[in-house]
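S.K.: A single structure is presented below for examination.
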Amino acid sequence: MSKKTQQSILDYIDDNGSATGPELADFLGVTRQAVSPHLRRLLADSKIVKTGSTRAARYFPFKSAAPARALKRNLAIRGLDESAVYEHIAIALTLSQLPDPVESIVHYAFTELLNNAIDHSMSERCTVEVRLEAIRTTFAIRDTGVGVFYSIADKLGLQNEHDAMIELIKGKTTTQPHAHSGEGIFFVSRAADRFLLRSHRLQIEWDNKRADVFVSEPRFLKGTLASFEIARNSRTRLENVFAEFAPEAYDFQFRKTRVLVKLLRQDYMSRSEARRLLHNLEKFSEIELDMRDVQNLGQGFADEVFRVFATAHPDIVVRFVNASDAVTAMIKHVSR
C-alpha cells in the first residue's frame with residue numbers, strides 16, 4: 001500500500017507540476033500527517049524535491065530540480081582566510097538558497113576544517129571543492145601536508161596514528177592549545193549527515209544517518225582529506241548539536257563527550273587498554289561510553305574504568321549505553 005500511495009503522489013506532482021502537503025492530503029483523502037512519511041521517503045529517494053518549509057512547503061518532480069553546481073579551487077595556504085574563501089564560494093554557488101539551518105552548518109563546518117588545514121597541515125597549498133545539488137551539499141578539503149593523525153601522534157607523544165585518531169574523536173584534542181580548543185572536528189562530525197577524515201593509511205567515517213562510525217585502512221594518502229555531506233532537507237540544527245555536548249548546565253562549555261568504544265577494538269581485557277581509553281577524559285564532566293558491538297569486557301578493564309577512574313574523579317559522571325548483557329553484568333560486578 002505504501003508503494004502505491006507514493007506512486008499516486010508522484011503521478012499527482014508530475015501531472016500538476018508541483019503540489020503542497022495539504023493538496024496531496026485532499027487528493028488522497030487522508031490527513032497531512034499521513035502524507036508526511038511518504039513525502040520524506042520520496043525526498044530521501046530523490047524522487048521529488050522540496051522548496052519552503054512547514055505548510056508553505058511545495059514539492060516538485062526531481063527532474064525539475066536545478067542542475068548541480070560545483071566549484072573547485074587550488075589555494076596557497078600562506079595568508080589564507082577561511083572566512084573570505086567561504087564568502088567567495090557562497091556567492092559563486094548561491095549557497096544562500098539553502099535553508100538557513102543547513103547553510104549555517106555548511107558555513108561552520110567548512111571554515112572549521114579549512115582553518116585546520118591552514119593552521120596544522122604544514123602544507124603549501126590545499127584544494128577545496130564544493131558541490132551544490134538538488135538534494136545535498138558536499139564539500140571536500142585536501143592538503144598534502146604532514147597528515148592529521150601523524151601530527152597529533154607526533155606532537156602529543158602517542159604511539160601511533162590510531163591512538164591519535166582515538167584522542168581526536170574524544171574532543172578537546174589539539175596540538176595548539178594556546179590557539180585552538182580542539183572542538184571543531186568533534187562538532188563537525190556530529191552536524192554532518194556523513195563526514196569522512198582520511199590521512200595516510202587511516203580513515204574514519206561518521207555516518208549519522210546510520211548512527212554509526214567506521215574505521216578502515218585504505219591505500220596511502222599523503223596529507224589529509226576531509227569530506228562533508230549534508231542533505232538540503234536535514235533536520236539537524238547546529239544549536240542543538242552544541243546544546244547536547246555544551247549544555248546550559250555546564251555554562252555552554254564543551255564538558256560532555258561520547259566515545260564509541262568499539263573503535264579501539266572489540267574485546268577489552270586489560271587495565272592498560274582502559275587507561276588508553278580514559279586518557280584525557282578527565283577534561284570532561286560527563287562521559288558516555290557507547291558499548292555497541294563490544295563482545296567481551298575483562299574485569300581489569302571494567303574495574304579501571306568504572307571503579308578506579310570513577311573513584312578518582314567523583315565529580316565526573318561516567319555512564320554506558322548499548323551494552324550486551326554480558327558486558328552489563330561485568331560493569332555492574334565491578335561497580336558494587
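S.K.: Taking θ = phi - 60°, what integer Hz values does the Karplus form 6.51 cos²θ - 1.76 cosθ + 1.60 yield along the stretch 22-30, in sequence order, with x for Gly and Pro?
M.R.: x, 5, 5, 4, 5, 4, 7, x, 10
S.K.: Continuing with this model, one more query. Restricting to DSSP loop positions (anything but H, G, I, E, B) with no more than 16 other Cβ atoms inside 10 Å of their own Cβ, which chymotrypsin sites (Phe, Trp or Tyr not before Pro) remain in the stretch 150-253? Before the final figure, lay out each step's value.
M.R.: Working: sites: Tyr150, Phe186, Phe187, Phe195, Trp206, Phe214, Phe220, Phe228, Phe242, Phe245, Tyr250, Phe252; in loops: Phe220, Phe252.
Passing sites in the stretch 150-253 are Phe220, Phe252.
S.K.: How high is the FRET efficiency between Asp15 and Asp119 when r is their beta carbon distance and R₀ equals 56 Å, given to the nearest 0.05?
M.R.: Details: r = 54 Å, r/R0 = 0.97.
Rounded to the nearest 0.05, the efficiency is 0.55.
S.K.: Spin-label point model (7 Å from Cα, Cβ direction): what's the Thr31 to Glu244 distance in nm?
M.R.: Computed distance between label sites Thr31 and Glu244 equals 2.8 nm.
S.K.: Let me ask you something else. Counting other Cβ atoms within 10 Å, which trypsin sites (Lys or Arg not before Pro) in the stretch 168-259 have at most 11 and lie in a DSSP loop? Mind dumping the intermediate values first?
M.R.: On the way: sites: Lys170, Lys172, Arg190, Arg194, Arg198, Arg201, Lys209, Arg210, Arg219, Lys222, Arg232, Arg235, Arg237, Arg255, Lys256, Arg258; in loops: Lys172, Arg201, Lys209, Arg210, Arg219, Arg232, Arg235, Arg237, Arg255.
Counting only loop positions with at most 11 other Cβ atoms within 10 Å, the trypsin sites (Lys or Arg not before Pro) in the stretch 168-259 are Arg210, Arg219, Arg235.
S.K.: Now for a different question. Under 13 Å between alpha carbons, and skipping anything fewer than 8 positions from Lys155 in its own chain: which aspartates and glutamates qualify?
M.R.: Asp163, Glu167
S.K.: Continuing with this model, one more query. With 20 Å bins from zero, work out the P(r) of the chain over every alpha carbon pair and list the percent per bin.
M.R.: 27, 49, 23, 1
S.K.: Using only Cα atoms and rounding to the nearest 10 degrees, what angle (0 to 90) does helix 100-120 make with the longest principal axis of the chain?
M.R.: Taking the Cα atoms of the chain, the angle to 100-120 is about 40 degrees.
S.K.: Nearest 20 debye, what's the magnitude of the dipole of the stretch 2-64 about its Cα centre given +1 on Lys and Arg Cβ and -1 on Asp and Glu Cβ? Kindly include the intermediate steps, with their values, before the conclusion.
M.R.: Values: 10 positive and 6 negative charges, 58 e Å.
Dipole of the stretch 2-64, to the nearest 20 debye: 280 debye.
S.K.: Residue separation times 0.36 nm, minus the C-alpha to C-alpha distance between Ala84 and His279: what's the value? Walk me through the numbers on the way to the answer.
M.R.: Working: separation 195, 0.36 × 195 = 70.20 nm, distance 3.70 nm.
That works out to 66.5 nm of additional length.
S.K.: In nm, give the distance between the simple-model label positions of Ser104 and Met269, each being 7 Å from the Cα along the Cα-to-Cβ direction.
M.R.: 4.9
S.K.: Looking only at Cα atoms, what is the convex hull volume of the stretch 1-134 per residue, in Å³?
M.R.: Values: hull volume 15.8 nm³, N = 134.
About 118 Å³ per residue, rounded to a whole number.
S.K.: Report the extension gain between Thr311 and Ala76 in nm, rounded to one decimal, defined as 0.36 nm multiplied by the number of residues separating them, less their alpha carbon distance.
M.R.: 79.6 nm
S.K.: When the chain is modelled as a GNM with alpha-carbon springs shorter than 10 Å, which of Ser104, Ser227, Ser272 fluctuates the most?
M.R.: Ser272
S.K.: When Lys and Arg each count +1 and Asp and Glu each count -1, what net charge do the other residues less than 10 Å away from Glu129, Cβ to Cβ, add up to? Intermediate results must be reported in sequence, preceding the final value.
M.R.: Values: positive: Lys72, Arg73, Arg131, Arg142; negative: none.
Overall, the nearby charge balance is +4.
S.K.: Right, next: Report, to the nearest 10°, how far helix 325-334 tilts away from the longest principal axis of the Cα atoms in the chain, using its own Cα long axis and a range of 0 to 90°.
M.R.: 40
Values in this text are rule-based calculations from the coordinates and carry no lab data. Everything numeric in this text was worked out from a predicted model, so none of it was measured. Here the Cβ is made from the backbone with ideal geometry for all residues, glycine too, and neighbour counts use every protein chain on show.
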